Amino acid sequence: MGTKEDIQNQREDLAAAYRLAAQFSFNEGIDNHLTVKVPGAPSQFLLIPYGLHWEEVTASNLLRVNNEGERLEGEGFVEPTAFHIHNSIYTARPDTNCVMHCHPPYPLALCMIESGRLEYADQNSCRFFGKVAYDDDYPGGAFDATEGERIAKVLGDKDILFMANHGITVLANSIAQAWDQLYFLNRACEAQVIAMSTGRPLRKLPEEVVRTTALQIEAEESGPAANFNRHFAALKRLLERDNSNYKT
């Protein structure tokens, strides 16, 4: 187990991510889920108790659960689909520390159209080059381990999963990085859906340009001064400016 300070910082950052996701309308009522591994305990992760609105999340009311679905700390209900999706991904991908699953309207819109794909037609989309997997089957909710394992298998070694008729899942090494990926993925999907609504063909970028742009963005995201850390820190400052109690 990590230090108390490390665990508290992780709790605060996940609570901030929930609050911010609600502000950006990434949540769907009390549904969807963001999780992060507990520092020093890779078989445990932090999770929202089902029934809590994302605007209500604080560092202290997050649940700590293990890979058997047992609630080790906190009060409330461990929602089955949240556990099965996240636990299966953490099991299959020990390299990831944070998983965010949600149904923002614009990414969901691409998941609802036949052969919906993120097209490389703007700079934001380029950052996801080579990182996206597509699940073209929707067998229903992930109410058991079998469906969670199927989702993890389709995801493979990618960091983004578009889930047909369902939503999106984002993986990253940290909460700040996952939040940044979620934000820019939503922006790319929003721009694409708006552009498609004009009825005019998309001006897609050549693969060479997409690849070069992706490498440029990746170079900016290395080290502690990565843009995603700055982005998330700025957003937390706004929460604190508004006297949010997310750290409690």
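The values are calculated or read from the model by the stated rules, or taken from the named source; none is laboratory data. What you are looking at is a predicted structure, and each value in this text was computed from that prediction instead of being measured. Cβ atoms come from the backbone with ideal geometry, glycine included; neighbour counts cover every protein chain shown.
Descriptive notes on the structure:
- Condition check for residue 70: of a type in the set (D, E, K, R) and either in contact with a Gly (Cβ under 7 Å, 6 or more places away or on another chain) or modelled with pLDDT of 95 or more (or both): yes
Okay, residues lined up against (1) within 24 Å of residue 99 (Cα to Cα); (2) in a helix (DSSP H, G or I); (3) at pLDDT 95 or above:
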| position | (1), (2), (3) |
| --- | --- |
| 178 | yes, yes, yes |
| 186 | yes, yes, yes |
| 189 | yes, yes, yes |
| 194 | no, yes, yes |
| 202 | no, no, yes |
| 205 | no, no, yes |
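- The listed residues are 125, 115, and the only one of them that is over 15 Å from the mean Cα position of the chain (by Cα), under 19 Å from residue 204 (Cα atoms), modelled with pLDDT under 95 and of a type outside the set (Val, Ile, Thr) turns out to be 115.
- In segment 1-113, counting only strands (runs of 3 or more DSSP E) that sit wholly within it, the ones holding 1 or more residues that are without any contact (Cβ under 8 Å) to a residue 24 or more places away in the chain and of a type in the set (A, V, I, L, M, F, W, C) span 63-66.
- Between 177, 216, the distinction of being at negative phi and crowded, with 21+ Cβ neighbours inside 10 Å belongs to 177 only.
- Scanning segment 70-89 for residues that are more than 15 Å from residue 167 (Cβ to Cβ), among the hydrophobic types (A, V, I, L, M, F, W, C) and in contact with a Leu (Cβ under 7 Å, 6 or more places away or on another chain) yields a single hit, 78.
- Residues located in segment 128-157, provided they are at pLDDT below 95 and touching a helix residue (DSSP H, G or I) at 6+ places or on another chain (Cβ under 6 Å): 141, 142, 143, 145
- Some residue of segment 3-26 being surrounded by fewer than 19 Cβ atoms within 10 Å (Cβ to Cβ), closer than 24 Å to residue 142 by Cβ and charged (D, E, K, R): no
- Segment 77-126, subset in contact with a strand residue (DSSP E or B) (Cβ under 6 Å, 6 or more places away or on another chain) and among the polar types (S, T, N, Q), residue surrounded by the fewest Cβ atoms within 10 Å (Cβ to Cβ): 96
- Residues satisfying the criterion are present in segment 232-244 (criterion: of a type in the set (Ser, Thr, Tyr), surrounded by 15 or more Cβ atoms within 10 Å (Cβ to Cβ) and under 30 Å from residue 14 (Cβ atoms)).
- Exactly one residue among 160, 217 is modelled with pLDDT of 95 or more and of a type in the set (A, V, I, L, M, F, W, C), and that residue is 160.
- Looking only at segment 190-208, and only at residues there that are aliphatic (A, V, I, L, M) and in contact with a helix residue (DSSP H, G or I) (Cβ under 8 Å, 6 or more places away or on another chain), the one that is nearest to residue 177 (Cα to Cα): 191
- A count restricted to segment 138-175 and to residues that are of a type in the set (Gly, Ala, Ser), closer than 15 Å to residue 35 by Cβ and assigned to a helix (DSSP H, G or I) stands at 2.
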